[in-house]
Amino acid sequence: MTNKKRGQVTLFIIIGIILLIGIIVILSISEQKSKEEIVPGVRIATEDVPFEFQPVKVYVESCIEDVAMDGLKRLGERGGYIEPSNFGIAAPYNPTDGNGVRFSPGSELIVPYWFYLKSDNLCIGTCEFSSERPPLYRNEGEKSIESQLDKYVNEKLAACLDNFKPIEEKGIDVEPAGGISTETIVAESDVVFVVSYPLKVRIGETEEKLTQFFIKMPINFKRIYNLATHLADLEAEDKYLEKDMLNLIVGFSGKDKDKLPPMAESGLEFSPALSWRKSKVKEDLVNILSSYIQLLQVDGTYNYRPYAVGDSELRSALYNTGMTIPTNESYASLAPKFNYLGFWEPYFDLNCDGEICRPESLSISIIQFGIQRYNFVYDLSFPVMVTINDPFALNNRGYDFRFFLEGNIRNNEPMRTEFRPLISLPAENSMLCDLDKRNSGNIKVTARDANNSALLDDVNVAYTCGAESCMIGPTENGVLEDKFPICLGGIVSYIKRDYLGKSQFLNTKIDKEEQREILLEPLTDKKFVVMKKKMKKGTGGWAFDNNAVSLDSKEEAILSLTRIGEEGDEAYSAGGEYKAGGEPGDIRLAAGKYRIEINMFLYDNFIIPSEERCEGSFLSEECYELPQVAFNETNPYPSGGLKLNYTFTNDDLSKDKIVFYALNIDLKGTPQANRKFEDIEESTRIEEYSEQNKNLLTPSFE
């Protein structure tokens, strides 16, 4: 009997153990089911939200998506920083003097360098290079992409939720029971936002607690970041920007006044030899950068297209090798682009005698026939904007990520950390500038404002002879009277803050007196807006409409003005951006003749429909289809612009505001059925249309 009872007890114990194991297994399975793999490799705990409380979840996650999208957009515009200034990114007047670049003159948008010369442009010896590339992951600090997005959502989400007013209007009472805490996860092909935000939600007598929300943004940010990192690292190691620019300098140089001064050439020539103006050389380099940097391509990317150079496969292969940046893997879904805009001032120097650049000459006889050696040494630093476009991101809405790289050339070579100039620098106090070498007669300089003839104080007067320059001194009561060093072919320069500088030739002789009067043009700050006058398509083709209208809500204009000065005038350019409905832009101008260039872009959705076309005779007709062309936010339509010369007078600049007029090729306003593939080419005729209608496109003043 006792053994029987023991057997029963043992059986009950075994059954109890089995039940306990079952309960543990069920709880474990239940726990696993409560976690969802929202993207590969990322699992988060999820809540079962009753159907009637779903509107709250949808509302919160919709706001998270809006704020997250804004944060990602700001990151893309600012090289991985939502607010660059919070991390010490600054953009001084000269783009090569800081760790960031102001996107356009007067713009508040600052984009950091991911590789740049941190030392001064004049550094010698050990020169420091650096990068402002932010890390990607949270464990690398608050500067990381994930940490910045965490903070941005935490700070901006409450404003979007607006105290849940839209929800409460539907009879749902929502009460926050804690703070907002965001965890951003940059996953393999998405960016995930997990937000912990405890809420007490009541509908009538029913109450529910919601604590966690998440959204995923379909953007392969990690892939974009990896390509950007590769391009920055490769520039640091291989200097592809510098190599490309040096090839361009060689290609555009020669013994010709219309070309760049050559790096190394010589010949027997009659004197006087060729000469170039240093400021004109700089202007030509800026134009070359603007036109040719954009031709750089990245191998294995979505927009890589080998260029064909005539019918020669060899020439095409050599050309593409020089213009193609290699990659360590395929980035077939990404489209990187390189750009340089003319208002990003480069650092530039050339071994010239002041403003005039001449070869070294060795005369053979009195007949002025000699050896001319053209050995010009280029120093150049220039910013290049890299934009990586993912056309498939955000469900084919597209996404742009931009950052800057800086090219640095010294002594006709890519600059390295250890740098020594080829030519020794003159001593800080050269013999030319010694007081006992100033043996001319008294030279009197009078400086006046070109606008009102007022005498100008504090105009710094400098004198250049050969490669050496001396500061003579500033004007007082508009006048400087002093002795100058003796020099044949010297140049005197006049410099004053808020005025355009000016230079003149001045030959000095022992005890010879001289008087000079100089008029300096003042720089004036002005507001500006851009209006447009449309080219409309009708039955007879495109026709000009002189009615001025505002830009469309999704249209922007980029303005660039380059002053066409006289010999001796300081080279000067200015520019800015203007968007419809925005505040007027700021621009600084001096009176004078300018080349006005405007480029307009429309970031709106419209298409040129596909079209079937047939060519040939009835018996041998060939038909084909032209594909649809779609314009949108990531593929903007170049909606027009302006190319025009105009002389701004002092009377013009006395007004408060300048109104610029741009031509608008109104393709979007053309009925869709009337839009043709050839209409895209109208944007290339801006200069022609500007000339035809120049009297109706000159700026006005208010």
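The values are calculated or read from the model by the stated rules, or taken from the named source; none is laboratory data. Everything numeric here is computed off the predicted structure, so don't read it as measured data. Note that we place each Cβ from the backbone using ideal geometry, even for glycine, and neighbour counts take in every protein chain shown.
For the reader, a short list of remarks on this structure follows.
- Condition check for residue 208: in contact (Cβ under 8 Å) with a residue 24 or more places away in the chain, closer than 30 Å to residue 394 by Cβ and of a type in the set (Asp, Glu): no
- Residue count for the range 176-211, restricted to those that are crowded, with 18+ Cβ neighbours inside 10 Å and farther than 20 Å from residue 69 by Cβ: 3
- Matching residues in the range 538-583 - criterion: being among the aliphatic types (A, V, I, L, M) and within 30 Å of residue 278 (Cα to Cα): 558, 559, 561, 564, 571, 574
Residue by residue, here is whether (1) part of a loop (DSSP other than H, G, I, E, B); (2) modelled with pLDDT under 90; (3) within 18 Å of the chain's Cα centre (by Cα); (4) β-branched (Val, Ile, Thr) holds:
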site	(1), (2), (3), (4)
56	no, no, no, yes
65	no, no, no, no
69	no, no, no, no
92	yes, yes, yes, no
101	no, no, yes, yes
108	yes, yes, yes, no
113	no, no, yes, no
116	no, no, yes, no
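- Filter result for residue 667 (crowded, with 20+ Cβ neighbours inside 10 Å, in contact with a Leu (Cβ under 9 Å, 6 or more places away or on another chain) and either among the charged types (D, E, K, R) or not in a strand (DSSP E or B) (or both)): yes
- Checking each residue in the range 649-701 for being within 17 Å of residue 534 (Cα to Cα) and of a type in the set (Lys, Arg) picks out 668, 675, 685, 694.
This table checks each residue for (1) surrounded by 15 or more Cβ atoms within 10 Å (Cβ to Cβ); (2) touching a Pro at 6+ places or on another chain (Cβ under 8 Å); (3) closer than 20 Å to residue 433 by Cα.
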position	(1), (2), (3)
488	no, no, yes
494	yes, no, yes
497	no, no, no
515	no, no, no
523	yes, no, no
528	yes, yes, no
534	yes, no, no
542	yes, no, no
549	no, no, no
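- Residue that is nearest to residue 85 (Cα to Cα), among those in the range 107-120 that are free of Cβ contacts under 8 Å to residues at least 40 places away in the same chain and of a type outside the set (Asp, Glu): 110
- Annotation: of all residues in the range 690-702 being out of contact with any Lys or Arg (no Cβ under 9 Å at 6 or more places or on another chain) and part of a helix (DSSP H, G or I), the one that is surrounded by the fewest Cβ atoms within 10 Å (Cβ to Cβ) is 695.
- Under the condition of being surrounded by fewer than 20 Cβ atoms within 10 Å (Cβ to Cβ) and among the small types (Gly, Ala, Ser), the residues counted in the range 551-572 number 4.
- Residues that are over 18 Å from residue 561 (Cα atoms) and either modelled with pLDDT of 90 or more or of a type in the set (Asp, Glu) (or both) within the range 340-353 comprise 347, 348, 349, 350, 353, listed in sequence order.
- Failed item, numbered, when residue 647 is tested on (1) under 23 Å from the mean Cα position of the chain (by Cα); (2) on the phi < 0 side of the Ramachandran plot: (1)
- Counting the residues of the range 72-90 that are of a type in the set (A, V, I, L, M) and either part of a helix (DSSP H, G or I) or on the phi > 0 side of the Ramachandran plot (or both) gives 2.
- Residue 653 falls short on exactly one of the conditions (1) over 24 Å from the mean Cα position of the chain (by Cα); (2) assigned to a strand (DSSP E or B), and that condition is (2).
- Flag if residue 590 is buried (at least 20 other Cβ atoms within 10 Å of the Cβ) and in contact (Cβ under 8 Å) with a residue 12 or more places away in the chain: yes
- Every residue from the range 121-165 that is touching a residue at least 12 places away in the same chain (Cβ under 8 Å), within 29 Å of residue 93 (Cβ to Cβ) and either surrounded by 16 or more Cβ atoms within 10 Å (Cβ to Cβ) or within 25 Å of the chain's Cα centre (by Cα) (or both): 121, 127, 128, 129, 130, 131, 132, 133, 134, 143, 148
- Segments classed as strands (runs of 3 or more DSSP E), wholly inside the range 364-478, with at least 2 members that are in contact with a Ser or Thr (Cβ under 8 Å, 6 or more places away or on another chain), over 30 Å from residue 507 (Cα atoms) and modelled with pLDDT of 85 or more: 378-390, 399-410
- Of the strands (runs of 3 or more DSSP E) lying entirely inside the range 541-585, those containing at least 1 residues that are of a type in the set (D, E, K, R) and without any contact (Cβ under 8 Å) to a residue 24 or more places away in the chain are 541-549.
- Qualifying residue in the range 223-238 (condition: crowded, with 18+ Cβ neighbours inside 10 Å, of a type outside the set (Asp, Glu), touching a Leu at 6+ places or on another chain (Cβ under 6 Å) and closer than 21 Å to residue 334 by Cβ): yes
- Scanning the range 594-612 turns up one or more residues that are crowded, with 20+ Cβ neighbours inside 10 Å, hydroxyl-bearing (Ser, Thr, Tyr) and modelled with pLDDT of 85 or more.
- Condition check for residue 120 on (1) in contact with a Cys (Cβ under 9 Å, 6 or more places away or on another chain); (2) assigned to a helix (DSSP H, G or I): one failure, at (2).
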